[in-house]
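Q: So that we are looking at the same thing, I have put the structure below in structure tokens.
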Amino acid sequence: MSNTEQPIRRAEDIHGFFRTGIVRGVGNWSETHVRSSTSGGGGYVHNGTGHISAPRVTVSSSNTEVVRFFLEYGDDDEDEVTIKGGGFAAREGQRVTVVRVGSRPGWGYDVAYHNHNTGKTHAPDGWLVWPLGKFPSAAMVLIAPIIGAIVGALLLPSLWWFLGLAGFGWAFYAWHQKAGEYRKLKEAVRQRIGEVLADAKAEHGRVRAGREGEAA
């Protein structure tokens, strides 16, 4: 998320819209990611004798499916679409809708794609991280009791454990409240995506009916 775009913080700030275009220039490939890790190794040498063992290197790889195409809206207006991880397919000439959600009207992150020809919708839960920002951190749940215990040890040595427990209770309650608000907001975004998709499907139905009427 760029510095100029604010995450959605309230249900009232959820703005969503869609654009439907024709798929052009479809490309599919697989990206290979190689990871390596080192463990073990070491030893000792004393007076010219000792033991040294080489570290063990473990190499693993994973493949990620990638689909890339352009959505053509007409009048030289088009968007480039790249989706990694699979889950969505489109062919040349098919009608696809992209749903965008953000904190202000007329702008947003891509959170869902719908192929009107196949009826398939691709809306990974992880994409909601972009418009919503990060899930509330639980770091204070661990830090607060430590701070409380230290303060208690300095000011009230006999009650250090009580202040530590109170710090944990306060931090856990605050985190739980924020986490609950985040989940409710996430569900509100999902609902908005569903509403926008419904509008897109209705428009597609009208367009198809119009074309069928012209053909008749």
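The values are calculated or read from the model by the stated rules, or taken from the named source; none is laboratory data. Here the structure is a predicted model, which is why all the values come from computation and not from measurement. Cβ coordinates were reconstructed from backbone atoms using ideal geometry, including for glycine residues, and neighbour counts include every protein chain displayed. To get the accessible areas, we keep the full protein, side chains included, count just its heavy atoms, and leave off ligands, DNA and RNA. Shrake-Rupley method; radii C 1.70, N 1.55, O 1.52, S 1.80 Å.
Q: Please give the residues of the stretch 76-110, grouped as numeric ranges, whose backbone N is less than 14 Å from a label point set 7 Å along the Cα-to-Cβ vector of Ala11.
A: None, by backbone N distance to the label point.
Q: Arrange the peptides 94-102, 203-211 so that the one whose residues have, on average, the most other Cβ atoms within 10 Å appears first. Numbers along the way, then the final one.
A: Working: 94-102: 21.3, 203-211: 11.8.
Going by the mean number of other Cβ atoms within 10 Å, highest first, we get 94-102, 203-211.
Q: Sticking with this structure for a sec: Run the accessible area of the stretch 90-132 with a 1.4 Å probe and give the carbon-and-sulfur part as a rounded percent. Intermediate results must be reported in sequence, preceding the final value.
A: Working: 920 of 1840 Å².
Here it works out to 50 percent.
Q: Cross-link candidates for Lys184: which lysines have Cα within less than 22 Å, leaving aside residues fewer than 8 places away along the same chain?
A: Lys134
Q: Amide H of Gly86: which non-local residues (sequence gap of 5 or more, or other chain) have their own amide H closer than 5 Å, using H built in the peptide plane?
A: Amide H to amide H, under 5 Å and 5 or more residues apart or across chains, Gly86 pairs with Glu65, Val67.
Q: Return the distance in nm (one decimal) between the two label points of a simple spin-label model at Arg206 and Glu92, each offset 7 Å from Cα along Cα→Cβ.
A: Spacing of the two 7 Å Cα→Cβ label points: 3.1 nm.
Q: Modelling each spin label as a point 7 Å along the Cα-to-Cβ direction, I'd like the Glu72/Lys84 distance in nm, to one decimal.
A: 2.8 nm
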